[in-house]
Amino acid sequence: MTESTAQPLDRVQILDPRRWRALAFIALAQLMVVLDGTIVNIALPSAQRDLGISDANRQWVVTAYALAFGGLLLFGGRIADRWGRRRAFLIGLIGFAGASALGGAAVNTAMLLGARALQGAFGAILAPAALSLLTVTFTQPKERAKAFGIYGAISGGGAAVGLLLGGLLTEYANWRWTLYVNVLFAVVAVAGAVFEIKEPEGTRNHNRLDILGIVLAGAGLASLVYGFNKAETDGWSSTTTLGFIIGSVVLLAAFVFSQTRVAAPLLPLRVITDRNRGGAYLTIGIAVVAMFGAFLFLTYYLQVVLGYSPLKSGLAFLPMVVGMMAGATQVAVRLLPKVPTKFLMVPGAVIAALAMLILTQISVGGSYTTHVLPALLMLGFGMGLVFMPAMNLATHGVRPQDAGVASAMVSTSQQVGGAIGTSLLSTIANSATANYAKSHAAGVHSAAGGAQLKLSAMVHGFSVAYWIAAGLLTVAAISAGVLINARPQQHSGRPEGGSGTGTGAGNADTVEDAVPVFAH
């Protein structure tokens, strides 16, 4: 079954006059999803005390969200393609807000964990719907660069904003407000979506859902995320960790095989086998692995070693947000239409790697201004040069009918990268910390010396992890340099097309086929 998307050749492109106002509400929704990944972490100790959550169940407050979000992303992307991005966007917003309110009102562990899983499920619908709305709304290269500059900066800096907001709400209100605040965001975003967001006509995918693909992809991604989460607590050699990671490899391999055999695949392989899009997904994933380590270890360094309060720790991350906004919205936006994409991404990853090298020099007696501040500014600026072009490229030229699932792959790269980064770098840091403490234990002869050794060992572990993070960002720079060969985006992206039949995603044989015509 093939859905034609051809428009008459005399149709002219009609740009939605509300598109920039729509961007504000799309960006707000994305901010809500991204900051939720860190805002709850700050409030977790307070929630644990209030609800009597056991240490064994504490990790599930984070894991329940990650499993649902990571496992359902591709399904959520295809739902957006099928139901319509605007409709999926509204459903995701309302559902996310309802789940957040339920979590904020939780009276026991089960209620909170269930709400977190619901948040993840609706977030998996909301995130790809938001990005795909951006993809089909902004098609002119200069406008697209600006829109993706803002979106990329929010996607990269939202986690730092979450740390700040989480610290503020936990310190001056209550941990429950780290969840209730999503309701306020959602109300504004829903109102804006109703009045300002319009979806182009002729961009839906009306093929049947690939149920087998949904099951295999969801189970494979959830198993992968859970396996890496277990590695952080149980170690890499544990039966549980290895079982889930091996199981995810088998399930995802079966998913890829199934996508070559069905008429209407959940994830058409053309989306990821395109050299530039595949390179963008890979580079995003590797960069996120490194960046999540920076957040995790810096939070501990600031609070445990330097003695910062949660709020002060959140404020300490703001220079990274400033650097990211500068890199994404001031530099990348201006240069993307003029230079090849990798000329932005490669230097960006290198700058971020240098920032990690600065962080390897942190010490127990160090200060924020000497190492942390310059590193955060550089990390933010470098990541702005990476994320904005990568997100643009990851959805550039894709068929409108595949915009949702292509957008979901961006979020999947981030989610899987975050899970890997947290567990991998934590394991490396913990091992280095233990080895340092063991090798220096003979010189400790007092309680004060023991406390000092504990801090020194912790910081040493962080330093080792930052060396690994710098290496990973170097790999990200290499992947962008080798795989990505996109030219300056001075013309509208020609969607993939062809005259063949069978995939059911629709053909786009002329540039006019890709022109969005907005319903008024």
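The values are calculated or read from the model by the stated rules, or taken from the named source; none is laboratory data. A quick note: this is a predicted structure, and the numbers were derived from the prediction, not measured. Cβ coordinates were reconstructed from backbone atoms using ideal geometry, including for glycine residues, and neighbour counts include every protein chain displayed. For the accessible areas, the whole protein counts, side chains as well, though only heavy atoms, and no ligand, DNA or RNA atoms are used. Shrake-Rupley method; radii C 1.70, N 1.55, O 1.52, S 1.80 Å.
Quickly run through the stretch 75-91 and pick out the residues that are within 23 Å of LEU216 (Cβ to Cβ) and either open to solvent by 10 Å² or more (accessible area, probe 1.4 Å) or of a type outside the set (A, V, I, L, M) (or both).
The answer is PHE75, GLY76, GLY77, ARG78, ASP81, ARG82, TRP83.
Each row is one residue, and each column tells you yes or no for (1) among the hydrophobic types (A, V, I, L, M, F, W, C); (2) within 20 Å of the chain's Cα centre (by Cα).
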{"residue": "LEU373", "(1), (2)": "yes, no"}
{"residue": "LEU376", "(1), (2)": "yes, yes"}
{"residue": "GLY384", "(1), (2)": "no, yes"}
{"residue": "ARG399", "(1), (2)": "no, no"}
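Could you pull out the residue among THR139, THR170 that is closer than 27 Å to ALA328 by Cα and not aliphatic (A, V, I, L, M)?
THR139
Given the conditions (1) under 15 Å from the mean Cα position of the chain (by Cα); (2) surrounded by 24 or more Cβ atoms within 10 Å (Cβ to Cβ); (3) under 28 Å from GLY103 (Cβ atoms), which single one is not true for PHE148?
Only one criterion in (1) under 15 Å from the mean Cα position of the chain (by Cα); (2) surrounded by 24 or more Cβ atoms within 10 Å (Cβ to Cβ); (3) under 28 Å from GLY103 (Cβ atoms) is unmet by PHE148, namely (3).
Which of the following residues is within 22 Å of ARG204 (Cα to Cα) and either in contact with a His (Cβ under 6 Å, 6 or more places away or on another chain) or at pLDDT below 90 (or both): ILE79, ILE53, ILE91?
Being within 22 Å of ARG204 (Cα to Cα) and either in contact with a His (Cβ under 6 Å, 6 or more places away or on another chain) or at pLDDT below 90 (or both) holds for just one of ILE79, ILE53, ILE91, which is ILE79.
Which residue pairs have Cβ atoms under 7 Å apart, sit 6 or more places apart or on different chains, and have a first residue in the stretch 470-499 that is open to solvent by 30 Å² or more (accessible area, probe 1.4 Å) and a second that is at pLDDT 50 or above and among the hydroxyl-bearing types (Ser, Thr, Tyr)?
SER492/THR139
Kindly indicate whether any position in the stretch 237-257 is under 16 Å from GLY152 (Cβ atoms) and part of a helix (DSSP H, G or I).
no
Please enumerate the residues belonging to the stretch 335-359 that are among the β-branched types (Val, Ile, Thr) and open to solvent by less than 10 Å² (accessible area, probe 1.4 Å).
THR341
Which condition from (1) open to solvent by 40 Å² or more (accessible area, probe 1.4 Å); (2) under 28 Å from GLY278 (Cα atoms) is the one that ASN430 breaks?
Among (1) open to solvent by 40 Å² or more (accessible area, probe 1.4 Å); (2) under 28 Å from GLY278 (Cα atoms), the lone unmet condition for ASN430 is (2).
Say we look at the stretch 431-449 and pick out the residues that are modelled with pLDDT under 85 and assigned to a helix (DSSP H, G or I); which of these is nearest to GLY471 (Cα to Cα)?
Looking at residues that are modelled with pLDDT under 85 and assigned to a helix (DSSP H, G or I), I get HIS440.
Within the bounds of the stretch 411-427, is there any residue that is β-branched (Val, Ile, Thr), within 15 Å of the chain's Cα centre (by Cα), closer than 13 Å to SER155 by Cβ and buried (at least 24 other Cβ atoms within 10 Å of the Cβ)?
Residues of the stretch 411-427 β-branched (Val, Ile, Thr): 412, 416, 420, 422, 427.
Checking which are within 15 Å of the chain's Cα centre (by Cα) leaves us with 412, 416, 420, 422.
Imposing the further condition that a residue be closer than 13 Å to SER155 by Cβ reduces the set to none.
Scanning the stretch 411-427 turns up no residue that is β-branched (Val, Ile, Thr), within 15 Å of the chain's Cα centre (by Cα), closer than 13 Å to SER155 by Cβ and buried (at least 24 other Cβ atoms within 10 Å of the Cβ).
Scan the stretch 159-193 for residues that are out of contact with any Ser or Thr (no Cβ under 8 Å at 6 or more places or on another chain) and small (Gly, Ala, Ser) and jot them down.
Residues satisfying the conditions are ALA173, ALA189, ALA191, GLY192, ALA193.
Given SER258, SER309, which one is in contact (Cβ under 8 Å) with a residue 24 or more places away in the chain and closer than 18 Å to GLY220 by Cα?
Selected residue: SER258, the only one of SER258, SER309 that is in contact (Cβ under 8 Å) with a residue 24 or more places away in the chain and closer than 18 Å to GLY220 by Cα.
State all residues of the stretch 99-131 that are open to solvent by 10 Å² or more (accessible area, probe 1.4 Å) and closer than 30 Å to THR395 by Cβ; if no residue qualifies, say none.
Matches in the stretch 99-131: ALA117, LEU118, ALA121, PHE122, ILE125.
Which one of these does PHE69 not meet: (1) more than 30 Å from PHE195 (Cα to Cα); (2) of a type outside the set (Lys, Arg); (3) crowded, with 22+ Cβ neighbours inside 10 Å?
Going through (1) more than 30 Å from PHE195 (Cα to Cα); (2) of a type outside the set (Lys, Arg); (3) crowded, with 22+ Cβ neighbours inside 10 Å one by one, PHE69 breaks only (1).
Taking only the stretch 200-213 into account, find how many residues are in contact with a helix residue (DSSP H, G or I) (Cβ under 6 Å, 6 or more places away or on another chain) and open to solvent by 30 Å² or more (accessible area, probe 1.4 Å).
Adding up the residues that qualify gives 1.
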